[in-house]
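Each remark here refers to the structure printed beneath this line.
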Amino acid sequence: MTTLQSCSVCLRESALQLPRHHLTDNYRSRTAKWKCPRAAVIPNFHLPMRSFEVKNRTSVDDIKSLRLITAIKTPYLPDGRFDLEAYDALVNMQIENGAEGVIVGGTTGEGQLMSWDEHIMLIGHTINCYGGSIKVIGNTGSNSTREAIHATEQGFAVGMHAALHINPYYGKTSLEGLVSHLDSVMSMGPTIVYNVPSRTGQDIPPGVIHRLAQSSNFAGIKECVGNDRVDQYTNKGIVVWSGNDDECHDSRWSHGATGVISVTSNLVPGLMRELMFGGKNPSLNAKIMPLVEWLFQEPNPIGLNTALAQLGVVRPVFRLPYVPLPLAKRVEFVNLVKQIGRENFVGEKDVKVLDDNDFILVSRY
């Protein structure tokens, strides 16, 4: 009983010590003006992936110096999942043949057919396995600014050296919108802007690039409009990579381009390195041109996917909507390999025509 009485006293004393709110205080709290938290209005406030200590941090100048960057192919297993064993072999062949960088999940790598989880995983896998031997540039661009910011945060968080960004496609924006979209992602790290009007439906004009070039994170532009445009940039000290394999020799040696972001180097990396490093070489350029023309007779990456399957370095698996080139074109490729020399191509197996039923088309993956 004594214990119960003491507890009762304690409870009464505790109750007496509770703070008392006056009526005027309650009124004041109800009528006070709400203020937005400062963090919500700070520009470029990235959560939660941004870090100034991201691993494998590289300088913009390191990216600006790259001459041969391969837009690497993504190979698949028969069920449509990534074939990482084949992918690793492809990256190793690029390193062994002198490529200085790879674009992961670009148009050639079919980033447009990946979920963002797949996309970031592949960037992380590439940087973890090969980041010490080759520069890894993640295609984290999108026509949605929100998605581009989030993907770029994640890409730098897993260690990519630089980001590739395209202008908003399909749902096109104004020139001011272009600047705002690209400004939103450039604060995170070295950035290459990609101009390919044939795919986006909108050109990024020089005026926009000159404004973006004021950013310390602007590495340069992958330009697909042509060498007249390349001249406009290189004459003003802006770094340019040719986005057209059929023009890259002249871009490099006659128009001041730093190098090329190449599709063809997936197949003949050694020859493409020689084309970018060895000085003017019209005869080598002419030797490669029939292959380049064959590769791009249908939208990329259809030709490349077909060729790599014929060389036996990837499984003949296509994620739809891509389908292989027809039989007659596959016969042409076999003849091109013989003409250029099998030793110049990736892989060691004999090139094959392949039958139509050798190919697997995957619609759900």
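The values are calculated or read from the model by the stated rules, or taken from the named source; none is laboratory data. It should be emphasised that the depicted structure is a prediction, and the values quoted were computed from it without experimental measurement. Neighbour counts run over all protein chains shown; Cβ positions are idealised from the backbone, glycine included. All accessible areas refer to the heavy atoms of the entire protein, side chains included, with ligands and DNA or RNA removed. Shrake-Rupley method; radii C 1.70, N 1.55, O 1.52, S 1.80 Å.
Residues checked against (1) at pLDDT 95 or above; (2) out of contact with any Cys (no Cβ under 9 Å at 6 or more places or on another chain); (3) buried (at least 17 other Cβ atoms within 10 Å of the Cβ):
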| residue | (1), (2), (3) |
| --- | --- |
| V185 | yes, yes, yes |
| G189 | yes, yes, yes |
| N195 | yes, no, yes |
| I204 | yes, yes, yes |
| R211 | yes, yes, no |
| Q214 | yes, yes, no |
| A219 | yes, yes, yes |
| E223 | yes, yes, yes |
| D228 | yes, yes, no |
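Name the residues in region 155-181 that are out of contact with any Gly (no Cβ under 8 Å at 6 or more places or on another chain) and under 21 Å from D62 (Cα atoms), would you?
Once the filter is applied, which keeps residues that are out of contact with any Gly (no Cβ under 8 Å at 6 or more places or on another chain) and under 21 Å from D62 (Cα atoms), region 155-181 yields only A157.
Hey, does region 248-260 have a residue that's free of Cβ contacts under 8 Å to residues at least 24 places away in the same chain, in contact with a Gly (Cβ under 8 Å, 6 or more places away or on another chain) and within 21 Å of I166 (Cβ to Cβ)?
no
Is it the case that region 192-209 has a residue that's free of Cβ contacts under 8 Å to residues at least 24 places away in the same chain, closer than 12 Å to I69 by Cβ and touching a Lys or Arg at 6+ places or on another chain (Cβ under 8 Å)?
no
Can you tell me how many residues within region 301-328 are more than 14 Å from N357 (Cβ to Cβ) and free of Cβ contacts under 8 Å to residues at least 40 places away in the same chain?
6
Which pairs do you get when a residue that is touching a residue at least 24 places away in the same chain (Cβ under 8 Å), found in region 268-283, comes within reach of a residue that is among the hydrophobic types (A, V, I, L, M, F, W, C) and surrounded by fewer than 16 Cβ atoms within 10 Å (Cβ to Cβ), reach meaning Cβ atoms under 7 angstrom, with the pair 6+ apart or on two chains?
Short answer, once both residue conditions are applied: L271/L284; L275/L284.
Consider L212 against the criteria (1) free of Cβ contacts under 8 Å to residues at least 24 places away in the same chain; (2) farther than 27 Å from K73 by Cα; (3) not hydroxyl-bearing (S, T, Y): it satisfies all of them except one. Which criterion is unmet?
(1)
Could you list, in sequence order, all residues of region 154-180 that are part of a helix (DSSP H, G or I) and over 13 Å from the mean Cα position of the chain (by Cα)?
A157, L175, E176, G177, L178, V179, S180
With respect to A148, is the statement that it is outside any strand (DSSP E or B) and in contact with a Pro (Cβ under 6 Å, 6 or more places away or on another chain) true? Reasoning before the result, please.
Values: outside any strand (DSSP E or B): yes; in contact with a Pro (Cβ under 6 Å, 6 or more places away or on another chain): no.
Considered against the rule, which asks whether it is outside any strand (DSSP E or B) and in contact with a Pro (Cβ under 6 Å, 6 or more places away or on another chain), A148 comes out as no.
Could you run through region 199-257 and say how many residues are over 27 Å from M188 (Cβ atoms) and under 19 Å from the mean Cα position of the chain (by Cα)?
Total satisfying the criteria: 2.
Quick grid of which residues meet (1) closer than 18 Å to V362 by Cα; (2) over 16 Å from the mean Cα position of the chain (by Cα); (3) of a type in the set (D, E, K, R):
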position: M93; (1), (2), (3): no, yes, no
position: N97; (1), (2), (3): no, yes, no
position: V102; (1), (2), (3): no, no, no
position: E110; (1), (2), (3): yes, no, yes
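On the given criteria, is E85 outside any loop (DSSP other than H, G, I, E, B), touching a residue at least 12 places away in the same chain (Cβ under 8 Å) and over 12 Å from the mean Cα position of the chain (by Cα)?
Here the answer is no, as E85 does not meet what is asked.
Yes/no matrix, rows are residues, columns are (1) within 17 Å of E110 (Cα to Cα); (2) open to solvent by 10 Å² or more (accessible area, probe 1.4 Å):
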{"position": "S133", "(1), (2)": "no, yes"}
{"position": "S142", "(1), (2)": "yes, no"}
{"position": "A157", "(1), (2)": "no, yes"}
{"position": "A163", "(1), (2)": "yes, no"}
{"position": "T173", "(1), (2)": "no, yes"}
{"position": "L182", "(1), (2)": "no, no"}
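Please enumerate the residues belonging to region 284-300 that are within 14 Å of E247 (Cβ to Cβ) and free of Cβ contacts under 8 Å to residues at least 12 places away in the same chain.
A286
If you go through region 333-365, how many residues are open to solvent by less than 80 Å² (accessible area, probe 1.4 Å), under 20 Å from P290 (Cβ atoms) and either outside any loop (DSSP other than H, G, I, E, B) or at pLDDT below 95 (or both)?
The qualifying residues number 7.
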